[in-house]
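One structure below.
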């Protein structure tokens, strides 16, 4: 599919003079040390072809993108029971806001804001020691990406553990409302470590392919989730995947996506492809500035949109 | 397309013993007088076929569904300039909340909450007397539905004018922030009247068809908006079309939709069909209870979802 | 009482080089036309002696200070029944905030924020035409001050009526919660007019004397309210009289007081004196900057404080 | 002063058939084990006379009343520098709300809500190990009450440490905004322990006497704080001492007071007396139900009010 490679190349080329734009996340000290002049685009089609441009082999901290995978695991464990613990509505607030959590009595609005992902981590932890739960998450992502080299960046995990006071606040607040079953430190141990997983664009696009192909991994034919669940995870990504910039992303790009403060975004073109972009500089609502621009161009040039042709 | 008719019939049949469920809107007195035991489903495919079941010829108050059409008109007038006046993010609040409006200095979060639609009405009013602007809106909808019989229910308009104190509050609040150009009474005159337009499911499904077919009206071949604008209106409907139940609707139904407190919902299956459902009883977040259930079943049985197959 | 006059003079003198400080209220256009370089202090003791310095004979717009008098009237009409309509707690918000009003279902937090005073105006209006209610308020204040020349500044009343969109919003919002008995325009007519009453410092200090002397007017011996009610009005002034600067005023000055955006402040030294200060420039929370400073110095130099010697 | 004893007795007697009213605090498990049928009133005049009725020798958990004493210590250490860290305004929210803390970027509204008292504990901790800071606080209170037997109830301290998730959340939230200098666990260690101090009504009334007598302890003539600081602490108690019931307390009782969820209230009649009441059952805003009623009656019968005679 020469066309797609040409599109990916053109998007990379057209944005290459903006590499370095945006602002590094600074609330996790380790993330502030990343070289901002990096930019990659990797696209894997549902028939298994990969198209890449730029820094697609460099591992970066996937941060909140990991929440897509822990959500998938938690739904596998308790199914729709999850929605007693977490809502499914956009938050209308910043990713780490605690206001909503007080107003709604400790139930986070969705699984992609920090509080919601912490509740999801609590579900993944059931029956496990923290170390085992972390191992299970890493193993699941390796399996999805078919790549055993994926690992946690321990410096990032440590940095976040030392400075993640707002997340400690969120977790304790939920604990006060009895919305966490396990000790706060265990839950946060799982959360901080899965956020610190490092992956390249290529690995990430592979790992997300099940969302674009009806829940199956087309590379090996295995089923990850049902087609219905894949659709629903895409729905959650579209509604809530970019915090308080989700509406803007849906309007401009028109594809489900999940961003992370490490500068990565994973997007789904259902029936077409899984796409991962990465550039560390963030825009004012905390999403990769160049990554967002790349997905907007890519959607225009491919004509991919969930909202019509 | 016998299949689709069979599906529409089966959905109607399977839900028929729940007709009358939900609670009538009571804050507009005139709406509380409607017979709750009504239920209709109308579906028009992009190749112009109509499939209907139940009360699809009875006109009902479309209320907030009208906001889709005024948004279309306002985008036609000032394009992306609209977004200086109104945001594009889900609100995380009830449809008539004023809290967000204070926090965000008079800029409504999106064009589908009441405050946003009032700002849109202000845009439509530019260069017109209120009566002319109302006439333009009605004429536009008649054109879209190809039906000159569509009209405003004056009893509903009067009822809303007499009791719409919250909307008066919202409009004055925006006026205080200089986010309305015209006199408050003029803007509200337009708003209350377009919300009082009465249409049947069949008319509504026809009127919304341009959103499913790349901006063109397939019945007469005319272009209503560009394909890109149609996608973007669908995006806004998906993100914000069901107030604080938008996430739930996206998760369960997976199609862009806009509900009204009259019990109607207009939904888009891009590239496939425009669908209108109606049943007056509302659920706890103000969306038609049976209408939501009908769209969920219909999406399941047709396999239509913007999030994959 | 030469001492007191000397103190008043010294306070005026020590602050005289700061005359003109602060920022004129600009949201009511007419108030923005006042000469900012004015400053007056008038103090009337419970035994009827007046001590004055500066511009104490110039009438200014008393604005929210009028709320003390309408509250007194409303308590006279319905007593503690008022507290079903209005709360007695500090608001923790700006004077014209609507957020609290939504969260607490249309019941204002106290009678001194705008929403609360509008509800009080609704009580005063009972059984009257707006014009009569306004007349009653003016008459009551003339009686308190023993001065028939006190009148409404019609320019200010008109200016506020034309631009008071936030107050229109507040009133309609309460009406939506059925917390106003009369038509919104009637209630606001009363409210805008009593806020536009013009008085001099000397008149204002006289009018407030009943609050310092156990509910009686020591000039003519007449009883205005019971001693218990005078105490309670003082309590409300202390808790809520300076909007979101009430805590700061209590801390620095230690006397019950009520400010207005016209730059006036009426303060009570129970058992000692009634004090009115005026200078049009406001601080960042909307209270007279020089007036606050004058009361702080005066309290220090007299040793007057409700919190001990 | 036979009169005062008679008044204290009459208040106790008139309320004695309501003993047991209200609801025990249940969020600290240890507090829920207290016998609710207890009620005491102790009053110490500025000339050192004690009048008591009921259970005035039983030690109870003073909880938030301890915040008066830590505030006094913190002001002694850094004076008005404290107000860079903590505000002086009523909160308009529940005692443990985190909403305000997010909106105001980690600066608590006043030193008597939990977040504010945690910031105060951080100040008291400066230059100390937690154990030393706790010791200093206990020693200060023993000195004020002239009673070496006052001690921390270790069961309560442990219970609160194990279940105080909301306080852990508040502290971490402030730490995220860099409004705590010391490790969160150290600060909370101090906070949880000073809240767990146990005192009798008699001890508490003695300890608070400096607030009623211009900053001096009339029993031994020693100066605790300046007269000006005593007034200001009283001002803070009046404005913020009863959480979101402060306005109601000021209106009904008219004296500065600080309540604790253990059912105690310490009140100041400036120039007259220090009063401590205790009964474990709380009203709906978390203040002692019988204690509030007792202070209201006592204020009526003594004629004591800061707002006039």
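Of note:
- Taking the label point 7 Å along Cα→Cβ, residue C:58 and its counterparts in the other copies are spaced 6.4, 6.6, 6.9 nm apart, in ascending order.
- Rounded, prolate or oblate (a/c below 1.5 giving rounded, otherwise prolate when a/b exceeds b/c) for segment C:121-196 by Cα gyration tensor: oblate
- Angle in degrees between helix B:227-240 and the longest Cα principal axis of chain B, rounded to the nearest 10: 80
- Across segment A:64-197, the mean sequence separation of Cα contacts (distance under 8 Å, 6 or more residues apart), normalised by length, yields a relative contact order of 32 percent.
- Peptide A:162-168, shielding by other chains (average Cβ, 10 Å cutoff): 5
- Sites residue A:146 and residue B:23, calculated FRET efficiency, Cβ-Cβ separation with R0 60 Å, nearest 0.05: 0.70
- Burial ordering of C:229, C:301, D:231, fewest other beta-carbon atoms within 10 Å first: C:301, C:229, D:231
- Cα shape, segment D:31-119, gyration tensor, a/c 1.5 rule: oblate
- Compared with the dominant principal axis of the Cα atoms in chain B, helix B:165-176 is inclined by about 50°.
- Peptide B:245-256 is shielded by partner chain Cβ atoms: per residue, an average of 6 of them sit within 10 Å of its Cβ.
- Three-way shape label, segment C:193-260, alpha-carbon gyration tensor, a/c 1.5: oblate
- Amide N of segment A:182-210 lying under 20 Å from the label point, which is placed 7 angstrom from the Cα of residue A:9 along Cα→Cβ: A:202
- Whole-Å distance, taken between Cα centres, linking segment D:259-309 and segment C:16-43: 41
- Relative contact order, percent, segment C:2-90 [alpha-carbon distance under 8 Å, six or more residues apart]: 22
- The value of relative contact order for chain B, using C-alpha pairs under 8 Å at least six residues apart, is 27 percent.
- For residue A:32, label point 7 Å along C-beta direction: distances to other copies, nm: 4.1, 4.4, 5.8
- Long-range Cα-Cα pairs in segment D:194-309 (distance over 19 Å), rounded percent: 41
- Each 10 Å bin from zero holds the following percent of Cα-Cα pairs in segment D:67-197: 13, 46, 34, 7, 0.
- Estimated D of segment C:112-156 in µm² per second, where Rh is the Kirkwood radius over Cα pairs and Stokes-Einstein applies at 10 °C, 1.306 mPa s: 137
- As a rough guide to protection, the peptides A:34-41, B:148-155, D:33-40 ranked by mean Cβ packing within 10 Å, highest first, stand as A:34-41, D:33-40, B:148-155.
- Coordinate range along principal axes, alpha carbons of chain C, Å, largest first: 54, 39, 35
- Inter-label distance, nm, simple model (7 Å from Cα along the C-beta direction), residue B:126/residue C:104: 4.1
- Note on segment C:1-82: Cα-only Rg and Dmax are 16.8, 47 Å.
- Shielding by other protein chains, B:98-105, mean Cβ within 10 Å: 5
- For the protein assembly as shown, the C-alpha radius of gyration divided by 2.2 N^0.38 Å, with N the number of residues, is 1.01.
- Helix axis angle, D:130-145 relative to chain D longest principal axis, alpha carbon, degrees: 20
- Label spacing, shortest first and in nm, from residue D:135 to its equivalents in the remaining copies (7 angstrom along Cα→Cβ): 4.6, 7.7, 8.9
- Computed from the C-beta positions of residue A:139 and residue A:301, the FRET efficiency with R₀ = 45 Å rounds to 0.80.
Bear in mind these aren't lab numbers, they're just calculated from the coordinates by the rules spelled out. Remember, it's a predicted structure, so these values are computed and weren't measured experimentally. Ideal geometry is used to build each Cβ from the backbone, glycine not excepted, and the neighbour counts take in all protein chains shown.
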